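Undergrad: Dumping the structure here so I can ask a few things about it.
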Amino acid sequence: MTYTVEFSPSARKMFKKLPQDLQDRIQPKIDALATEPRPNGVKKLKGEENTYRIKIGSYRVVYEIEDDVLLVIVIKVAGRKDDLPALEYLKLWFGRYYESSHRSNLLIDSLLPFLFNESSPHLSYLGLRSSKNADELARAVAESPIIERLAVLDLSMGNLTDKGAKALLNSRATNQLHTLNISNNCVSANMIQELSQLNCRIIANGQEEVLKEGLEPHVTGYYTSEATQSLGSC
């Protein structure tokens, strides 16, 4: 069965006020409700018989389903109230040596809406430092629109390897940065050489070798029991 998807007048007005790039990202998700009006991740609103809410990035789409006539009516399209329009400088410390994998994943998931919305149009410095999962952070930033607005991206003092650095290298927006700081990570000399071909300033001192063997259950990341004696090993 295929449903017809319609906007209420107020929802259409809300939607048209969004920047065009956001409309382009949200519209396909709304269109998909025609074939699957109750997709994975949808939430049925309490106290409402046929009203649902779905998250699309940092936005919430509220809609009603009329199964008897195969109709989906979008009644609200709005962003979360967490915009920081005046934010220019943001530095977060994750904890390279004490950050659990589960906690790290939660932190990254919580950052995704911020990276993919337009809540901080004046942000010029983003520091995501001392992260055990720096590769995942690098990939998320490289794929997000926020990197296009940055002057400085600081991923220093973490466990960034060639995998994450490659994601940055492959992002055309990285070339528009003024400074990319990946110092005190685990990036190879060859990858640093490739990054140095970009037009932006690269800070890459203090790289260390990735250690993959000798992991102990209580040790996170790439550390070995010997490596943890020195607070500088990946």
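Undergrad: Search the structure for amide H atoms under 5 Å from the amide H of residue 181, placed 1.01 Å from N in the peptide plane, and list their residues when 5 or more places away or on another chain.
TA: Sorted by chain and number, the residues that satisfy this are 153, 154, 155, 203.
Undergrad: Highest mean first, what order results for 150-160, 59-69 on Cβ atoms within 10 Å? Write down the numbers at each step before the final one.
TA: Details: 150-160: 22.5, 59-69: 15.9.
Most protected by this proxy first, the peptides run 150-160, 59-69.
Undergrad: Given a cut-off of 23 Å, what percent of all Cα-Cα pairs of the range 114-209 lie beyond it?
TA: When every Cα pair of the range 114-209 is considered, 13 percent fall beyond 23 Å.
Undergrad: Additional query: Can you give me the long-range amide H partners of residue 5? Hydrogens built in the peptide plane at 1.01 Å from N, cutoff under 5 Å, separation of 5 or more residues or another chain.
TA: 72
Undergrad: At a Cα cut-off below 17 Å, give the lysines reachable from residue 17, other chains included and same-chain residues fewer than 8 away excluded.
TA: 76, 81
Read the figures in this text as sums done on the coordinates, not as results from a lab. The model shown is predicted, which means the values in this text are computed figures rather than measured ones. So basically every Cβ, Gly included, is an ideal-geometry build from the backbone, and we count neighbours across all protein chains shown.
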